[in-house]
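Novice: I have a structure here, written as structure tokens, and I will follow up with some questions on it.
Derivation of every value follows stated rules applied to the coordinates shown; laboratory data play no part. Model, not experiment: these values are computed from the prediction. Glycine also receives a Cβ, built like all others from the backbone with ideal geometry; neighbour counts cover every protein chain displayed.
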Amino acid sequence: MKKLAEVELSGFGKFPKAVCQVSRPLNIDEIRGYLNESSVTPRGLGRSYGDAALNEKGIVTESVLMNRFLSFDESRGIVKCEAGVTYKDLLDTFVLKGWFPPVTPGTKYVTIGGAIASDVHGKNHHIDGSISNFVKSFKILSASGEILKCSRTQNSDLFWATVGGMGLTGFITEAEIQLKKVDSQYINNKTLKLHNIDELFEKFEEFNEDYLYSVAWLDTVASGSKYGRNILYLGNHSSYNKLPEKFKNKSRERFIEKKIAVPFEIPFATLNKLSVTMFNAAIYMKEKNVEDYLHYDKYFYPLDFILNWNHIYSKNGLIQYQLNVPEEEGKEAIDKILKKVVAYGGGSFLAVLKKMGDQNGILSFPFKGYTLSMDFPVRKGVIQMCKQLDAIVLDYDGRTYLTKDSILDETTFKKMYDGLWQKWLEIKIKYDPYYKFSSNLGRRIGLCPS
Ligand SMILES: Cc1cc2nc3c(=O)[nH]c(=O)nc-3n(C[C@H](O)[C@H](O)[C@H](O)COP(=O)(O)OP(=O)(O)OC[C@H]3O[C@@H](n4cnc5c(N)ncnc54)[C@H](O)[C@@H]3O)c2cc1C
């Protein structure tokens, strides 16, 4: 085997970091070769936050050069592509043809392989579920070196273990995905400025069926009478005819992204309680109750506008903590979590609450309930605070999201995913008895041996 470059890698949170042997294979045979030598972790664009795409004991195979479109059925909107194709590629290629990704995460810098392995969800999970609902089939290089086609009817056990399986069942090589028909590039958005969590949960229920997309921003610093203030954003794809005249031409033009950059890591001290408080207050002040039309890029990917925005967390990085709690006691659980975060005082730069629908894959994160994601700079005391959040989440039979995680221990993971990880492991062992696919995350939470 040729000597591979040793590179210090991290996820998007820049915590933790690990030196890994990194390869950018051009074809499947290269990956087959690695499987004879070492453990392998598939990687896309490294937009998972923690150590899901790290492998300090082996090889990381990045899919970025395996990124060709293979076919497109224009009448049905079914695309077949290699795993390294990104959401940006999909948008650039298909939006003007009237097709849109049916489920999209909050960044378009995600590969199809990474999206399937995390079974990503978007603002429409309460209605459409996660990406696996739209994956008709995929091919995967399994530990035996065979390429297996997986769908709901073919190797279905491997299909359901791979969606949400965090790259531990094999290297997805290509996938066939159903896109969604759209008539314009714009989202008809309704913004509601709300005063507390009670109002927010009422509105979630009131508009549950009327809007395909819903997401709320929460102020995680405000206390006293301002505690729990939030902004709810609701949206539907707009038809071309309903667009205001000024957007009609733009809707038929190719979208060209403009970016600003955070060119270097900002010193730790700039992201302190004061700046986070001011940032949260500024968001709340800026928004109004309005109905307007937003381009899809602004609506779905506001953070992509700022290149390397994770630099604001300094070289120490950030922990992204995303939890999901069951619907019945969702409000009570979210309230407890929020109170804990407000009391911690550090606040979260960005906190987002969404309503979730049914679960798909065996280890898929979403299930019917409410999900809250928050990010905290890595600093003294933050891990202990997150462990306290874990305890509340467990109390309510909830769980945290593996693709965002960097701190979960084996015991807590196994409690959160009880009944599921055992079922998943049986399938893992059937297809990969020697744990050729492994990762730092897999070993940390006990899905792979150390
Ligand atoms: C700003 C931002 C917003 C986000 N918003 C959301 C959101 O709204 N909803 C959501 O669900 N997620 C969200 N995410 C998380 C992101 O969508 C997932 O982490 C996604 O998996 C990243 O894709 P990637 O290509 O970068 O994969 P990586 O981060 O490189 O890898 C992620 C996982 O996929 C596996 N993997 C990658 N490629 C393959 C392959 N070819 N075969 C098998 N396994 C593979 C890896 O082993 C790893 O376990 C967000 C991330 C960021 C940075």
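Novice: In whole Å, what is the distance between the alpha-carbon centres of region 416-450 and region 316-391?
Specialist: Going from one Cα centre to the other spans 24 Å.
Novice: Ordered by packing density, taken as the mean number of other Cβ atoms within 10 Å over each peptide's residues, highest first, how do 163-170, 33-40 rank?
Specialist: Final packing ranking: 163-170, 33-40.
Novice: Pop out the ³J(HN,Hα) list for region 161-173 in order, Karplus 6.51 cos²θ - 1.76 cosθ + 1.60 with θ = phi - 60°, rounded to Hz; leave Gly and Pro as x.
Specialist: Coupling constants for region 161-173: 7, 8, 6, x, x, 6, x, 9, 10, x, 9, 5, 9 Hz.
Novice: In addition: What's the long-distance tail for the chain, i.e. % of Cα pairs beyond 28 Å?
Specialist: Details: 49687 of 101025 pairs.
Of all Cα-Cα distances in the chain, 49 percent exceed 28 Å.
Novice: Taking 0.36 nm per residue of sequence separation and subtracting the Cα-Cα distance, how much length would be gained by fully extending the chain between Thr411 and Tyr227, in nm to one decimal? Let's see the in-between values first.
Specialist: Values: separation 184, 0.36 × 184 = 66.24 nm, distance 3.31 nm.
In short, 62.9 nm is gained.
Novice: Of the listed peptides 365-375, 133-143, what is their order by residue-averaged count of other C-beta atoms within 10 Å, with the highest listed first?
Specialist: Values: 365-375: 23.1, 133-143: 20.6.
Top of the packing list down: 365-375, 133-143.
Novice: Let me ask something additional. Please work out the C-alpha center-to-center distance from region 1-41 to region 187-247 and express it in whole Å.
Specialist: Using only Cα atoms, the two centres lie 41 Å from each other.
Novice: With a cut-off of 8 Å between alpha carbons and a minimum separation of six or more residues, what is the relative contact order of the chain in percent?
Specialist: Values: 1016 pairs, mean separation 83.5, N = 450.
Once normalised by length, the contact order is 19 percent.
Novice: Amide H of Asn196 versus every other amide H placed in the peptide plane: which residues, excluding those fewer than 5 positions away on the same chain, fall under 5 Å?
Specialist: Amide H neighbours of Asn196, under 5 Å, 5+ apart: Asn230.
Novice: For a footprinting-style exposure proxy, rank Thr403, Thr86, Thr412, Thr162 by other Cβ within 10 Å, fewest first. Write down the numbers at each step before the final one.
Specialist: Details: Thr403 27, Thr86 24, Thr412 18, Thr162 32.
The order, fewest Cβ neighbours first, is Thr412, Thr86, Thr403, Thr162.
Novice: Counting pairwise Cα distances across region 186-413, what percent come out greater than 33 angstrom?
Specialist: Of the Cα pairs, 19 percent sit more than 33 Å apart.
Novice: So, one more: Checking the table Lys88/Lys387; Lys286/Lys354; Lys88/Lys242; Lys97/Lys123; Lys286/Lys339 against a 30 Å threshold on Cα-Cα, which pairs fail?
Specialist: Values: Lys88/Lys387 35 Å; Lys286/Lys354 21 Å; Lys88/Lys242 26 Å; Lys97/Lys123 23 Å; Lys286/Lys339 24 Å.
Flagged as over cut-off: Lys88/Lys387.
Novice: Starting from the Kirkwood Rh over alpha-carbon pairs, what translational D in µm² s⁻¹ does region 148-192 have by Stokes-Einstein at 25 °C and 0.890 mPa s? Spell out each step's value before the answer.
Specialist: Values: Rh = 13.6 Å.
Rounded to a whole number, D works out at 181 µm²/s.
Novice: Amide H to amide H, which residues 5 or more places from Phe437 or on other chains are under 5 Å from it, using H placed in the peptide plane?
Specialist: Residues meeting the criterion, in which the H sits 1.01 Å from N, are Val40.
Novice: List the residues, sorted by chain then number, that are 5 or more residues from Leu350 or on another chain and whose placed amide H is less than 5 Å from its amide H.
Specialist: Hits under the 5 Å cutoff: Asp375.
Novice: Choose one of Val85, Leu168, Phe134: the residue whose Cα lies farthest towards the positive end of the charge dipole of region 69-182 (beta-carbon charges +1 Lys, Arg; -1 Asp, Glu; about the Cα centre).
Specialist: With unit charges placed on the Cβ atoms, the residue in question is Phe134.
Novice: Related question: At a 10 Å Cβ-Cβ cut-off, how would you order Leu9, Leu4, fewest neighbours first? Could the numbers behind the result be given before it?
Specialist: Numbers: Leu9 22, Leu4 17.
Arranged by neighbour count, lowest to highest, Leu9, Leu4 become Leu4, Leu9.
Novice: Arranged by the count of other C-beta atoms within 10 angstrom, fewest first, what order do Ile197, Ile147 take? Write down the numbers at each step before the final one.
Specialist: Numbers: Ile197 20, Ile147 15.
Fewest-to-most ranking of Ile197, Ile147: Ile147, Ile197.
Novice: Among Leu274, Leu234, Leu350, which one moves the most in a GNM of the chain with springs linking Cα atoms closer than 10 Å?
Specialist: Comparing Leu274, Leu234, Leu350 in the GNM, the peak value goes to Leu274.
Novice: Turning to a different aspect of this structure: Which ³J(HN,Hα) values, rounded to whole Hz and listed in residue order, are derived for region 122-127 from phi using the Karplus coefficients 6.51, -1.76 and 1.60 in 6.51 cos²θ - 1.76 cosθ + 1.60 with θ = phi - 60°, glycine and proline given as x?
Specialist: Values, residue by residue: x, 6, 9, 4, 4, 10 Hz.
Novice: Using a cut-off of 13 Å between beta-carbons, work out the net charge of the residues near Val342 (Lys and Arg +1, Asp and Glu -1, Val342 not included).
Specialist: On the way: positive: Lys226, Arg229, Lys273, Lys336, Lys339, Lys340; negative: Asp219, Asp335.
Around Val342, the surrounding residues sum to +4.
Novice: Want the number for Lys315 to Asp418: 0.36 nm per residue separation, take away the alpha-carbon distance, what's left? Could you put the intermediate results ahead of the total?
Specialist: Numbers: separation 103, 0.36 × 103 = 37.08 nm, distance 3.49 nm.
Working it through step by step, the gained length comes to 33.6 nm.
Novice: Please state the charge dipole magnitude for region 186-413, taken about the Cα centre, from unit charges on C-beta atoms (+1 on K and R, -1 on D and E), reported in debye and rounded to the nearest 20.
Specialist: Numbers: 30 positive and 30 negative charges, 225 e Å.
Computed about the Cα centre, the dipole is about 1080 debye.
Novice: Debye sum, Cα scatterers, region 10-72, no solvent: what log₁₀ I/I(0) at q = 0.15, 0.23, 0.25, 0.27 1/Å?
Specialist: -0.47, -0.93, -1.03, -1.12
Novice: Please give every one of the lysines within straight-line cross-link reach of Lys436, meaning a C-alpha to C-alpha distance under 24 Å, and leave out same-chain neighbours fewer than 8 residues apart.
Specialist: Lys2, Lys3, Lys17, Lys57, Lys139, Lys149, Lys404, Lys414, Lys423, Lys428
Novice: In the neighborhood of Gln320, defined by Cβ-to-Cβ distances under 12 Å, what is the net charge if each Lys or Arg adds +1 and each Asp or Glu adds -1?
Specialist: Working: positive: Lys14, Arg47, Lys404; negative: Asp375, Asp405.
Spelling it out: positives minus negatives among the neighbours equals +1.
Novice: List, in order, the whole-Hz ³J(HN,Hα) value for each residue of region 292-308 obtained from phi through the Karplus relation with A = 6.51, B = -1.76, C = 1.60 and θ = phi - 60°; use x for Gly and Pro.
Specialist: 8, 10, 10, 4, 4, 5, 6, 6, 9, 10, x, 6, 5, 4, 9, 4, 6
Novice: Does region 69-182 classify as rounded, prolate or oblate by the C-alpha gyration tensor (a ≥ b ≥ c root eigenvalues; a/c under 1.5 gives rounded; else a/b over b/c gives prolate, otherwise oblate)?
Specialist: On the way: a/c = 1.71, a/b = 1.46, b/c = 1.17.
It comes out prolate by the Cα gyration axes.
Novice: Can you work out the FRET efficiency for the pair Asn272 and Lys181, with r the C-beta to C-beta distance and R0 = 35 Å, to the nearest 0.05?
Specialist: Numbers: r = 47 Å, r/R0 = 1.34.
After rounding to 0.05, the efficiency reads 0.15.
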